[in-house]
There are 2 protein chains.
Amino acid sequence: MVRGYHFFLGLLCLYLATLATVAPAQDVSSQYHVNSQRLQSALAKLGEYGRNPDGGVTRLGYSETDMAAREYVIGLMKEAGLSVRTDPAGNIFGHRDGSQKLPVILFGSHIDSVVHGGNYDGDVGSLGAIEVLRALHESSTKTRHPLEAVIWTNEEGNHFGIGTLGSGIAAGLIGPEILNRKDDKGVTLADWLRRYGQDPAKLADARIRQDLLAASLELHIEQGPNLYEKKIPIGVVQGIVAVARWVCVVSGTANHAGTTPMNRRHNALTAASKDVLAVRDVVLSETGTQVGNVGFMKVEPGAPNVIPGRAEFPVELRDLDDAKVVRMWEHVSERFRQADQEEGVNTRCESTDDVKSASATPAIQAAIRDAAKSVGLASIDLPSFAGQDSQNIAEIAPMGMIFIPSKDGISHSPKEYSSPEDIANGAEVLYRTVLLLDKRLNP
Amino acid sequence: MVRGYHFFLGLLCLYLATLATVAPAQDVSSQYHVNSQRLQSALAKLGEYGRNPDGGVTRLGYSETDMAAREYVIGLMKEAGLSVRTDPAGNIFGHRDGSQKLPVILFGSHIDSVVHGGNYDGDVGSLGAIEVLRALHESSTKTRHPLEAVIWTNEEGNHFGIGTLGSGIAAGLIGPEILNRKDDKGVTLADWLRRYGQDPAKLADARIRQDLLAASLELHIEQGPNLYEKKIPIGVVQGIVAVARWVCVVSGTANHAGTTPMNRRHNALTAASKDVLAVRDVVLSETGTQVGNVGFMKVEPGAPNVIPGRAEFPVELRDLDDAKVVRMWEHVSERFRQADQEEGVNTRCESTDDVKSASATPAIQAAIRDAAKSVGLASIDLPSFAGQDSQNIAEIAPMGMIFIPSKDGISHSPKEYSSPEDIANGAEVLYRTVLLLDKRLNP
């Protein structure tokens, strides 16, 4: 039941609406509570830390650039009236008291990027969270629950080869064994934590007790084309897909490519080529939105005049349904065995990653849906096909994620783009979701 | 018409026969003229230069090891009564006068190896040639034509990335522009020639005038399985196959392997995988012994979670019939276009090598066949699927090659092996072919 509308920024017609049933007048109005201009300005400023010559940023977790950007973000938190603390893993929290002694509603994202990445992945959810708290601060809006903005450390993992590190430590999924891991310059994670002003010996203290969190929220760009192409401003994330990876090695026989008759070859690359196509065939044979990838192919000895004796490639499968991933792998393995027989080679695969799917809590999904509706924004439910900090936090708290459109679905690239309107929409939906949860959650 | 036989070495039943029509008593008898034991001892000694810890040799063209091995071989030539000269390209010739002023009958091979190569590829034909001349020397057998043993420099080409170099220069196919080519330590070919005691400025003098050669012969291991599996001791080489190579680049779009729906991908590796299989399909669709290979696959960006945006691979096609190679490439290209359409990518191939086939001279093939028959050895006609120095020399002289069996068809490996009996057979057939040609060739 739409009560009213107006033109916003003279560009985009936004239906700003509230539903009486979900949006009591005080908290959820037909006005935007977040300040889009301020948010854009903060995003632009953050984008200066590690800016690439051709656009976008390179701001690796654990780097001088990241350290400088963190200081900037801590400043923003303080301007928003938050009391800031950093845990021993380097995660930054900006705290706002609630009116009752209740567990925290936590929301935020990350500010580190991949090598040659964009300005939106992580940044939008991080600065969006701070903007929400600043808006609440300015309007002196009280909440029952304490609220916290969070900046998770090293989500992308390009530097140490391990992603969602800060949230993984917070969720108790990664322990002190990680401290000795070295980067390619031989510097350990412990060394980097010390540079971040932390005491590595206290890493375990970064773990968050389950009873301390009422809910976790994350605003994020979709990094896929669904919302952008369907022109839907808000995605209600159903969950984060399972990601399973293997490394496979095909063993054949290297031999002279001139003198060995065609019917006497044990060619690792022809078998591997069948395997690449088999992965795709199997993924397409299921109904749904599952995906699969073979990202490289290493061939040895690797000369034009030598029959490939060895081929190595990774297989990646993703779906929201863990059982479907298992089933796809069984079918892929069967096809690999078939190719082995046909080509007279031997293929062995080893599991390298097996991240189970994380469902978003239905009550939080409903709150996001209701919040979007209250602003007059259409939403659809969809999975996150990318890994997220929220995947870890789902282990210790009810979890939800809000997606906004990514232009052409592009991410991890300087071409990454989400419009100011889409970002304002996302931040406003986050604002309203926080307030809805503050009312609905018990406690 | 077999006149007699006896058991040789108590192991292998060798029919030692002569045919009156092709084998006058004086030159071609039922006895072996070459000394198998001496030849084996020379092969063993040569195998010490650059011996690998696990067998075989690494004796690259233009290396200290090669230089030492050359001195050894020059010594053998002198023991065989030959007058030795080295041309400005580093090719070594051991000369024996003829009774008439006629062009030379030239025979030999190379003593350089690939990295981690074997003891037979090149060595057998090189030392076999010297053994033939030593046997003629010891028996004071006169020939009408001058005879020369030759050691061609740098056949394998692992060091400077260019094979059949010495014979290429001798045939006028490679000019002084090669002198500035650098190896991976920045040393030019000119520098190496100076180390070999040559004056690079005189490189053009290494070119052999066409009227100076009556014929060229090369004894070589097959490097393929045909003779070994069929238990045929002698192969009469019909010619050396054309070798055509291309480097192909598939351009797709790199993207997030999680968030990009399967039907929105422009995957360079799935297209390249179809291409790999297409090359094989096309080669198998023709009748004959043609071969084809895709020796490596380079994928970018090359991460498990990124859809391949670029794939690069080489295509190699070989056949004795140049027209068939052209036809196969047309069919392969058509299949590549089809894969491009199906996968939404773009593939471009560039020719990197286009070596035409070289036919062995029919009269020389006949002489080899007759010589084998005179020893009572079965022979078959077959192509050489490997490139050879003789391929270059065919440009300036009537050419023929004698193959002997390679165990399991293995070459360019420490496992390379040809039995002493097979080597003696090959050398004896070379001996008799030289004498037959000396009689038959006019002049």
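Miscellaneous remarks
- The listed residues are A:276, A:294, A:282, A:250, and the only one of them that is at negative phi, within 23 Å of the chain's Cα centre (by Cα) and not polar (S, T, N, Q) turns out to be A:294.
Residue by residue, here is whether (1) surrounded by 24 or more Cβ atoms within 10 Å (Cβ to Cβ); (2) of a type in the set (S, T, N, Q); (3) not assigned by TED's automatic domain parsing to the domain that holds residue A:150 holds:
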residue	(1), (2), (3)
A:392	yes, yes, no
A:408	no, no, no
A:415	no, no, no
A:429	yes, no, no
A:433	yes, yes, no
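- From the list A:208, A:232, the one residue that fits, being more than 10 Å from chain B (Cβ to nearest Cβ), in a loop (DSSP other than H, G, I, E, B) and within 29 Å of residue A:316 (Cα to Cα), is A:232.
- Among the candidates A:143, A:188, A:153, residue that is touching a helix residue (DSSP H, G or I) at 6+ places or on another chain (Cβ under 8 Å) and without any contact (Cβ under 8 Å) to a residue 12 or more places away in the chain: A:188
- Any hit, region B:192-205, residues being surrounded by 20 or more Cβ atoms within 10 Å (Cβ to Cβ), away from chain A (no Cβ under 11 Å), more than 18 Å from the chain's Cα centre (by Cα) and of a type in the set (Phe, Trp, Tyr): yes
- Filtering region B:154-180 to residues that are within 21 Å of residue B:58 (Cβ to Cβ) and not hydroxyl-bearing (Ser, Thr, Tyr) leaves B:154, B:155, B:156, B:157, B:158, B:159, B:160, B:161, B:162, B:163, B:165, B:166.
- Restricting attention to region A:334-353, the residues being out of contact with any Phe, Trp or Tyr (no Cβ under 9 Å at 6 or more places or on another chain) and surrounded by fewer than 19 Cβ atoms within 10 Å (Cβ to Cβ) number 9.
- Any hit, region B:429-443, residues being touching a Leu at 6+ places or on another chain (Cβ under 6 Å) and at pLDDT below 95: yes
- Index of the failed condition, residue B:213 passing every other in (1) within 13 Å of chain A (Cβ to nearest Cβ); (2) surrounded by fewer than 24 Cβ atoms within 10 Å (Cβ to Cβ): (1)
- Residue, nearest to the other protein chains (Cβ to nearest Cβ), within region A:235-244, restricted to residues that are assigned to a strand (DSSP E or B) and buried (at least 20 other Cβ atoms within 10 Å of the Cβ): A:243
- Conditions (1) surrounded by 22 or more Cβ atoms within 10 Å (Cβ to Cβ); (2) at the interface with chain B (Cβ under 10 Å from one of its Cβ atoms); (3) in contact with a helix residue (DSSP H, G or I) (Cβ under 8 Å, 6 or more places away or on another chain); (4) over 26 Å from residue A:261 (Cα atoms); number of the one not met by residue A:316: (3)
- Residues satisfying the stated conditions in region A:292-303, i.e. within 17 Å of residue A:352 (Cβ to Cβ), facing another protein chain (nearest Cβ under 7 Å) and of a type outside the set (S, T, N, Q): A:294, A:295, A:296, A:297
- Residues being loosely packed, with under 15 Cβ neighbours inside 10 Å and assigned to a helix (DSSP H, G or I) - total across region B:282-292: 2
- Count of residues meeting criterion [surrounded by fewer than 24 Cβ atoms within 10 Å (Cβ to Cβ) and not hydrophobic (A, V, I, L, M, F, W, C)] in region B:366-385: 6
- Check on residue B:363, buried (at least 20 other Cβ atoms within 10 Å of the Cβ), within 23 Å of the chain's Cα centre (by Cα) and not assigned by TED's automatic domain parsing to the domain that holds residue B:264: no
- Checking the stated criteria, residue A:306 turns out to be within 10 Å of chain B (Cβ to nearest Cβ), at negative phi, touching a His at 6+ places or on another chain (Cβ under 9 Å) and buried (at least 21 other Cβ atoms within 10 Å of the Cβ).
- Counting only residues that are touching a Ser or Thr at 6+ places or on another chain (Cβ under 6 Å) and within 24 Å of residue B:147 (Cα to Cα), region B:221-245 holds 6 of them.
- Residue A:323 in a helix (DSSP H, G or I), more than 30 Å from residue B:162 (Cβ to Cβ) and within 11 Å of chain B (Cβ to nearest Cβ): no
- Annotation note: of A:278, A:257, A:268, the sole residue that is touching a Pro at 6+ places or on another chain (Cβ under 8 Å) and farther than 22 Å from residue B:300 by Cβ is A:257.
This table checks each residue for (1) over 27 Å from residue B:160 (Cα atoms); (2) over 21 Å from the mean Cα position of the chain (by Cα).
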site	(1), (2)
B:33	yes, yes
B:42	yes, no
B:47	no, no
B:50	no, no
B:58	no, no
B:66	no, no
B:72	no, yes
B:77	yes, yes
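- Out of A:374, A:333, A:359, A:390, sole residue that is in contact (Cβ under 8 Å) with a residue 24 or more places away in the chain and more than 20 Å from residue A:238 (Cβ to Cβ): A:374
- Scanning region A:64-93 for residues that are assigned to a loop (DSSP other than H, G, I, E, B) and surrounded by 21 or more Cβ atoms within 10 Å (Cβ to Cβ) yields A:80, A:82, A:89, A:90, A:91.
- The residue of region A:245-273 that is nearest to the other protein chains (Cβ to nearest Cβ), among those that are under 25 Å from residue B:319 (Cβ atoms) and charged (D, E, K, R), is A:264.
- No other residue among A:397, A:386, A:360 is of a type in the set (A, V, I, L, M, F, W, C) and over 28 Å from residue A:329 (Cα atoms) apart from A:397.
The values are calculated or read from the model by the stated rules, or taken from the named source; none is laboratory data. This is a predicted model, so every value here is computed, not measured. In this analysis, Cβ positions are derived from the backbone assuming ideal geometry, glycine residues included, and neighbour counts consider all displayed protein chains.
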